[in-house]
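Q: My questions all concern the structure below.
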Amino acid sequence: MRIPSGRTPVPVSASSATSGRVPTQHDLDTLSRQLNRPVRDVVEIPARCVCGNPLVAATAPRLSNGIPFPTTFYLTHPVITAAASRMEAAGMMTQMSERLATDADLAAAYHKAHEAYIAARVAIGERAGTGPVPEIAGISAGGMPTRVKCLHVLAGHALAAGPGVNPLGDEVLAALAPWWTAEKCYCEGAWNDSAPVPSKDLSRHVKHLNALAAKQAGEQKS
Ligand SMILES: [Zn+2]
């Protein structure tokens, strides 16, 4: 039996020859369709479906409007986000947080995942040329390093980093198996490929960010 060196090559590694990290316009359009809103400041595609479609988007640690953005890895595939939501509704976050409070080994590994998340974000910021973002230094996402507040964040990190980096993220991916596995493409029908690419962002979060940015720009001018 051949023992593969290093980690298993699923999902499709972002460094493989066929699918690059830097998003193409087609990738960006697919992300906007997956999320049903225009994506902004996506600088890399850290994990892809076996068919090549994005599973996770990496956002620059500082948005082009200047706002620091700690959630570097954003799960975009609708099949995976829906499954993660089901597991959240089933109470998986509470169970994980309770285990973190009692299992020292798990807590230590999860703390390492938190550090790996920040290190990956710094590296992405360097590659994207956004420079250091001191406002979010030491801050990761999803409740790390001591709690679990979002399974989508953990799954996104596990997909981006590969197995063995985020123990709870790996558990989320394993629990997705009834709905999604890395070996198969679940893209067909998961979003509307023939619809126009969403171009107007009406999400409350972005409206809030835009208002903040406009206010800051106004303050800087005055
Ligand atoms: Zn696919």
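Q: Could you please find all residues in the range 150-164 being free of Cβ contacts under 8 Å to residues at least 24 places away in the same chain and touching an Asp or Glu at 6+ places or on another chain (Cβ under 6 Å)?
A: Filtering the range 150-164 for residues free of Cβ contacts under 8 Å to residues at least 24 places away in the same chain gives 154, 158.
Answer for the range 150-164, where residues must be free of Cβ contacts under 8 Å to residues at least 24 places away in the same chain and touching an Asp or Glu at 6+ places or on another chain (Cβ under 6 Å): just 158.
Q: Tell me yes or no: at least one residue of the range 36-53 is modelled with pLDDT of 95 or more and among the small types (Gly, Ala, Ser).
A: Scanning the range 36-53, I find at least one residue that is modelled with pLDDT of 95 or more and among the small types (Gly, Ala, Ser), so the answer is yes.
Q: Tell me, which strands (runs of 3 or more DSSP E) lie completely within the range 41-132 with 2 or more residues that are crowded, with 19+ Cβ neighbours inside 10 Å and within 16 Å of the ligand (Cβ to nearest atom)? Lay out the reasoning, then the answer.
A: Working: elements: 42-48, 54-59, 73-75.
Counting at least 2 such residues, we get 42-48, 54-59.
Q: In the range 187-206, is there at least one residue being surrounded by 12 or more Cβ atoms within 10 Å (Cβ to Cβ), over 24 Å from residue 21 (Cα atoms) and at pLDDT 95 or above? Can you show your working first?
A: At the first step, the residues of the range 187-206 found to be surrounded by 12 or more Cβ atoms within 10 Å (Cβ to Cβ) are 187, 190-191, 193, 197-198, 201, 203, 206.
Next, from what is left, pick out any that are over 24 Å from residue 21 (Cα atoms): 201, 203, 206.
Keeping just the survivors that are at pLDDT 95 or above gives none.
No; the residues of the range 187-206 include none that is surrounded by 12 or more Cβ atoms within 10 Å (Cβ to Cβ), over 24 Å from residue 21 (Cα atoms) and at pLDDT 95 or above.
Q: Any chance you could count how many residues in the range 131-173 are among the polar types (S, T, N, Q) and over 12 Å from the mean Cα position of the chain (by Cα)?
A: Of all residues in the range 131-173, those among the polar types (S, T, N, Q) come to 140, 146, 166.
So of that shortlist, the ones also over 12 Å from the mean Cα position of the chain (by Cα) come out as 146, 166.
Residues flagged as among the polar types (S, T, N, Q) and over 12 Å from the mean Cα position of the chain (by Cα) within the range 131-173 amount to 2.
Q: Here's something else I'd like to know. Give the range 157-190 a look and list any residue that's in contact with a helix residue (DSSP H, G or I) (Cβ under 9 Å, 6 or more places away or on another chain), more than 21 Å from residue 88 (Cβ to Cβ) and either within 16 Å of the ligand (Cβ to nearest atom) or in a helix (DSSP H, G or I) (or both), or say none.
A: Across the range 157-190, the qualifying residue is only 187.
Q: Is the range 104-117 home to any residue that is under 16 Å from residue 57 (Cα atoms) and at pLDDT 95 or above? Steps first, answer last, please.
A: Keep residues of the range 104-117 that are under 16 Å from residue 57 (Cα atoms), which gives 117.
Still in the list and also at pLDDT 95 or above: 117.
For the range 104-117, residues under 16 Å from residue 57 (Cα atoms) and at pLDDT 95 or above: present.
The values are calculated or read from the model by the stated rules, or taken from the named source; none is laboratory data. This one's a predicted model, so the numbers in the text were calculated from it and none came from an experiment. Ideal geometry is used to build each Cβ from the backbone, glycine not excepted, and the neighbour counts take in all protein chains shown.
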